[in-house]
Amino acid sequence: MWIYLNDRFVEEKDAVVSVFDHGFLYGDGVYETIRSYGSRIFMRDHHLARLQRSTDAIGLTLPVPSGGWPRLLHDAMERNQVGTDQTDAYLRITVSRGAGEIGLDPALCPNPTLVIMAKPLHPPTEDTYQRGVSLIIAQTRRNLPSALSPQIKATNFLNNILAKREAIAAGVFDSLFLNWEGHLTECTVSNLFFISQNRLLTPAIECGILDGITRELVVQFARELGIPTIEGRFTPQDLLQANECFLSNTSMELMPVISVDGRQIGPGTPGPLTRQLHKHFIDNRRRFLEPPALA
């Protein structure tokens with residue numbers, strides 16, 4: 001595997017980061033995960049804009065000019081033989097504060113560390129989409145937005161890891177966070193949607209969630225299909241009374257949810273509006289691929 005580290009591609013065994021890197025010491029960094037469909041990257045500019053927003057929010061300078069990313073990402077795919085007709089690519093960009101003396105002052109780190117990985121994408125199996133997945137509501141609460149903004153896609157993921165441990169212990173697909181007010185937010189790596197009375201409902205950004213890029217597309221597609229959509233504040237009881245539920249993120253698109261805390265959602269099978277939205281997503285995702293000339 002070839003990994004881009006700072007200013008060149010190196011083999012995996014040589015992709016070494018200093019123990020004094022503040023990303024390792026303090027979780028001081030940001031990241032983005034991106035995917036391709038074949039050789040064309042999906043929602044590329046949206047992801048790169050969010051990466052820029054994250055770095056701006058923590059006062060970190062991206063070490064690549066905006067026009068340099070497309071070639072760099074495609075080089076990473078080509079070197080690792082992903083982003084082909086046979087294998088979609090999973091791309092992760094990580095930018096940390098860099099190596100420096102121990103201490104919290106960002107000025108201790110003169111240069112950020114940049115890592116780009118390109119691996120085969122392994123989406124959930126078709127059987128998982130047909131069957132649907134189960135969630136629990138985590139005892140771990142979502143970080144308070146006034147303490148750490150969820151709009152910063154930070155490498156410090158301990159909040160999510162604690163909730164994921166709860167899901168693993170319960171033997172379910174994932175955990176669902178509540179916020180400081182007891183309202184629904186999101187899962188550890190995905191946004192939440194549910195359907196009630198033929199309306200699509202999803203927690204508002206103000207509840208303390210990351211503004212997922214696939215989430216944005218789902219809302220757009222629902223409106224294209226004439227499905228009334230509400231972004232608001234909802235309780236676990238609202239979810240448990242829903243007819244359907246699903247999750248969204250870049251790699252899995254739309255994943256049906258059939259139960260929460262052991263209680264069935266609707267009939268306990270993936271619902272018709274979920275399937276309709278996912279089909280519309282699949283039929284229209286090509287609209288959001290980078291131009292073929294860049295692939």
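Descriptive notes on the structure:
Here is a yes/no grid of residues against (1) of a type in the set (Phe, Trp, Tyr); (2) loosely packed, with under 15 Cβ neighbours inside 10 Å; (3) at pLDDT 95 or above; (4) not in a strand (DSSP E or B):
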residue	(1), (2), (3), (4)
Trp69	yes, no, yes, yes
Met77	no, no, yes, yes
Ile102	no, yes, yes, yes
His122	no, yes, yes, yes
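- Residue tally, condition crowded, with 16+ Cβ neighbours inside 10 Å and either among the β-branched types (Val, Ile, Thr) or in a helix (DSSP H, G or I) (or both), over region 124-133: 2
- Subset tally (residues that are among the polar types (S, T, N, Q) and over 20 Å from Glu224 (Cβ atoms)) for region 251-295: 4
- Residues (over 16 Å from Pro291 (Cα atoms), of a type in the set (Gly, Ala, Ser) and part of a helix (DSSP H, G or I)) located in region 34-67: Ala49, Ser54, Ala57, Ser66
- Region 144-168 - residue that is in a helix (DSSP H, G or I) and of a type in the set (Lys, Arg) and, of those, nearest to Ser96 (Cα to Cα): Lys164
- Hits in region 6-33 (condition: more than 13 Å from the chain's Cα centre (by Cα) and in a strand (DSSP E or B)): Arg8, Phe9, Val10, Glu11, Asp21, Gly29
- Residue in region 11-33 that is under 24 Å from Pro292 (Cβ atoms), among the aromatic types (Phe, Trp, Tyr), in contact (Cβ under 8 Å) with a residue 12 or more places away in the chain and surrounded by 14 or more Cβ atoms within 10 Å (Cβ to Cβ) present: no
- Test result for Glu231, acidic (Asp, Glu), surrounded by 14 or more Cβ atoms within 10 Å (Cβ to Cβ) and touching a residue at least 24 places away in the same chain (Cβ under 8 Å): yes
- Scanning region 190-214 for residues that are within 22 Å of Ala138 (Cα to Cα) and out of contact with any Leu (no Cβ under 9 Å at 6 or more places or on another chain) returns Ala204, Ile205, Glu206, Leu210, Asp211, Gly212.
- Leading residue by the ranking (farthest from Pro112 (Cα to Cα)) among those in region 1-60 that are charged (D, E, K, R) and either at pLDDT below 95 or touching a helix residue (DSSP H, G or I) at 6+ places or on another chain (Cβ under 6 Å) (or both): Glu32
- Any chance Glu206 is under 24 Å from Leu51 (Cβ atoms) and surrounded by fewer than 20 Cβ atoms within 10 Å (Cβ to Cβ): yes
The values are calculated or read from the model by the stated rules, or taken from the named source; none is laboratory data. Worth saying up front: this structure is predicted, and the values here are computed from it rather than measured. As a convention, Cβ positions derive from the backbone with ideal geometry for all residues, glycine included, and neighbour counts pool all protein chains shown.
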